[in-house]
There are 2 protein chains.
Amino acid sequence: MDVMRETTAAYIGIGDELLAGKTPDTNFLYLAQALRDLGIRLLRAVVVPDDLDAIREALDLLRHRVTYVFTSGGLGPTHDDVTVEGVARALGVRVIRDPILEKKLREHFGQSLDHSSLKMASVPEGAALHFCDRLLIPVLSIRNVYLFPGIPELFRRKLDSIKERFRTAPFCTEEILCERFESEIADILLEALERFPTLKIGSYPKLDPEGYSVKILLESRDRAVVAQAADYLRKAIA
Amino acid sequence: MDVMRETTAAYIGIGDELLAGKTPDTNFLYLAQALRDLGIRLLRAVVVPDDLDAIREALDLLRHRVTYVFTSGGLGPTHDDVTVEGVARALGVRVIRDPILEKKLREHFGQSLDHSSLKMASVPEGAALHFCDRLLIPVLSIRNVYLFPGIPELFRRKLDSIKERFRTAPFCTEEILCERFESEIADILLEALERFPTLKIGSYPKLDPEGYSVKILLESRDRAVVAQAADYLRKAIA
């Protein structure tokens with residue numbers, strides 16, 4: 001059987017003001033609650049200053065270990081907004097000016113577009129743009145890294161707009177320890193999957209059959225489905 | 001002149017509940033504000049689950065890079081309170097039962113002292129105990145790592161009780177760029193130090209004397225002292 005991989009995440013809050021205690025990091029709590037609702041396990045949170053090396057270090061440490069990395073902050077037009085550059089360096093890509101974003105900015109600002117505002121069109125090369133909630137500036141993502149603004153209202157609007165794409169099976173699970181061998185129960189497991197279309201089943205055979213041979217993990221967004229499937233399987237396997 | 005070394009810190013919040021969004025990490029903000037008031041620069045904050053390896057990893061990453069590490073959480077009597085063990089492993093020491101703490105616990109709990117409560121007497125070998133604010137359990141520290149409880153009220157009471165020991169020159173600074181050579185102004189700087197006893201002066205000569213030769217950094221807990229000293233020095237050096 002396929003092994004179920006848990007969907008995981010890390011948070012990187014970026015901003016001197018967070019570490020100086022000037023601004024509470026409300027985005028961390030908002031994200032943590034949203035991820036829990038989405039069924040995603042947040043494994044680490046890190047807060048770093050507005051510093052290229054610190055951002056790169058945090059990404060180096062975290063991005064290979066989780067399904068998604070969410071960053072907050074450092075996306076504005078001023079000199080201390082260095083998140084795009086930090087992410088690009090961590091991923092080994094250049095920072096380029098995105099033509100779609102540049103066009104949107106020119107349309108929006110017209111003659112008043114200055115060099116600082118144009119910085120908002122800079123993206124790590126290869127980034128995807130996720131336009132949302134009628135906002136001018138999209139969420140950027142590259143590989144598994146999603147860049148969110150630090151301003152809490154924008155963070156929330158943007159996260160709320162795109163979060164459903166991250167939804168995964170929530171932490172509604174049940175475990176069955178089975179004394180039969182995996183090969184003997186494979187058909188039963190397949191039947192269960194047909195009977196309960198929203199069910200996921202993980203089957204983990206143990207080398208030493210003492211106590212039990214296979215651990216079966218049931219998972220679904222629907223608690224009732226997990227309970228019914230567990231009943232069904234316990235009877236079918238017995 | 002002596003180079004001023006900035007006093008720095010890192011925060012490690014420990015607890016599954018923080019990452020699950022069940023509990024806001026108010027201790028981080030409280031510590032960040034306290035450190036700023038104390039003149040200590042918080043360089044990193046990390047939130048990790050109740051997991052030995054995660055705690056050790058965070059300490060390995062941070063403790064050599066900052067003056068102080070402050071941990072929050074994981075100090076209770078239950079199985080998922082693993083901070084003492086995690087800190088001990090990171091520092092390569094054993095966990096021992098501290099006789100002073102054990103005595104205090106036995107006096108306090110009497111016959112009702114059980115195995116779980118006795119766990120509160122476990123400390124990393126070599127830890128210092130900082131009793132404070134009439135609380136039964138002291139703050140533990142070992143080398144530059146200070147262990148605080150996660151319960152916000154206790155965190156605050158304990159931090160408030162011992163924080164003055166960490167106080168250092170705050171971020172009240174002024175910079176003077178000087179075109180004379182360091183050797184020419186050394187006596188003037190010494191005079192300023194005598195005149196303003198709470199003043200710190202850092203003097204940073206530059207190899208290339210283009211623009212200026214020495215950068216002078218003035219620092220004091222007292223903003224007025226910095227302003228007066230800057231006035232004095234600008235006139236004396238001119």
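What follows draws every value from the coordinates through simple rules; no lab data is involved. All of these numbers come straight from a predicted model, not from anything done at the bench. Because the Cβ atoms are built from the backbone with ideal geometry, glycine has one as well, and the counts that use them run over all protein chains shown.
Assorted remarks:
- Using alpha-carbon coordinates, inclination of helix B:26-38 to the longest axis of chain B, degrees: 30
- Cut-off under 5 Å, modelled amide H: who pairs with A:Gly15 long-range: A:Val48, A:Asp50
- With label points set 7 Å from Cα along Cα→Cβ, the inter-copy distances at A:Ile151 are 4.1 nm, sorted shortest first.
- Mean-square fluctuations from a GNM of chain A, with a 10 angstrom spring cutoff on Cα atoms, peak among A:Thr198, A:Thr168, A:Thr67 at A:Thr198.
- Note on chain B: with charges restricted to the Cβ of Lys and Arg (+1) and Asp and Glu (-1), its dipole about the Cα centre is near 500 debye.
- Inter-chain Cβ neighbour average for residues A:44-50, partner chain, 10 Å: 6
- Extreme residue, positive dipole direction of chain A, given options A:Phe28, A:Ala236, A:Ala128 (C-beta unit charges): A:Ala128
- Which of A:Thr83, A:Leu59, A:Val95, positive extreme of dipole for the stretch A:57-106 (C-beta unit charges): A:Val95
- Global geometry of the stretch B:116-159, whether rounded, prolate or oblate, following the gyration tensor of its Cα atoms and the 1.5 cut on a/c: oblate
- Residue and whole-Å distance for the chain B Cβ lying nearest the axis of the B-onto-A rotation are B:Val46, 3.
- Residue-normalised convex hull volume from the C-alpha trace of the stretch B:173-237: 66 Å³ per residue.
- Equivalent ellipsoid, the stretch B:8-166 (semi-axes from 5 times Cα gyration tensor eigenvalues, Å): 24, 17, 16
- Beta bridge orientation in the stretch A:30-158: antiparallel %, DSSP, nearest 5: 70
- Crossing angle, helix B:152-162 versus chain B [Cα axis fit, 0-90 degrees, rounded to tens]: 50
- Computed magnitude of the charge dipole of the stretch B:2-60 (debye, nearest 20; Cβ of K, R +1, Cβ of D, E -1): 300
- The charge dipole of the protein assembly as shown, taken about its Cα centre with unit charges on the Cβ atoms of Lys, Arg (+1), Asp and Glu (-1) only, comes to about 460 debye.
- Charge dipole of the stretch A:173-237 about the Cα centre (unit charges at C-beta), most positive-ward option of A:Ile185, A:Ile216, A:Phe196: A:Phe196
- Gaussian network model of chain A, springs between alpha carbon atoms under 10 Å - residue of A:Ser183, A:Ser72, A:Ser161 with greatest fluctuation: A:Ser183
- Here is how the number arises for chain B: DSSP H runs of 4 or more residues each give -39500 (n - 2.57), the sum is divided by the residue count, and the result at 222 nm is -11500 deg cm²/dmol.
- Expressed as a whole percent, the proportion of Cα-Cα pairs in the protein assembly as shown lying more than 29 Å apart is 63%.
- Counted by neighbouring Cβ atoms within 10 Å, the residues A:Phe155, B:Phe109 run from fewest to most as B:Phe109, A:Phe155.
- The modelled label-to-label distance between B:Glu179 and A:His79, using points 7 Å beyond Cα along the C-beta direction, is 2.3 nm.
- Each Cα pair under 8 Å and six or more residues apart adds its separation to the average, and for chain B the resulting relative contact order is 19 percent.
- Antiparallel DSSP beta bridges within the protein assembly as shown, as percent of all bridges there, nearest 5: 60
- Label-point spacing for B:Asp51 across the identical copies (point 7 Å from Cα in the Cβ direction), in nm and ascending order: 2.6.
- In the assembly of identical copies, B:Tyr212 has its label point, taken 7 Å from Cα in the direction of the beta carbon, separated from the corresponding points by 6.9 nm (ascending, one decimal).
- The angle between the Cα long axis of helix A:52-62 and the longest principal axis of the Cα atoms of chain A comes to about 10 degrees, rounded to the nearest 10.
- Here each label is just a point 7 Å from Cα along the line to Cβ, and for B:Arg167 and B:Asp60 those points are 3.8 nm apart.
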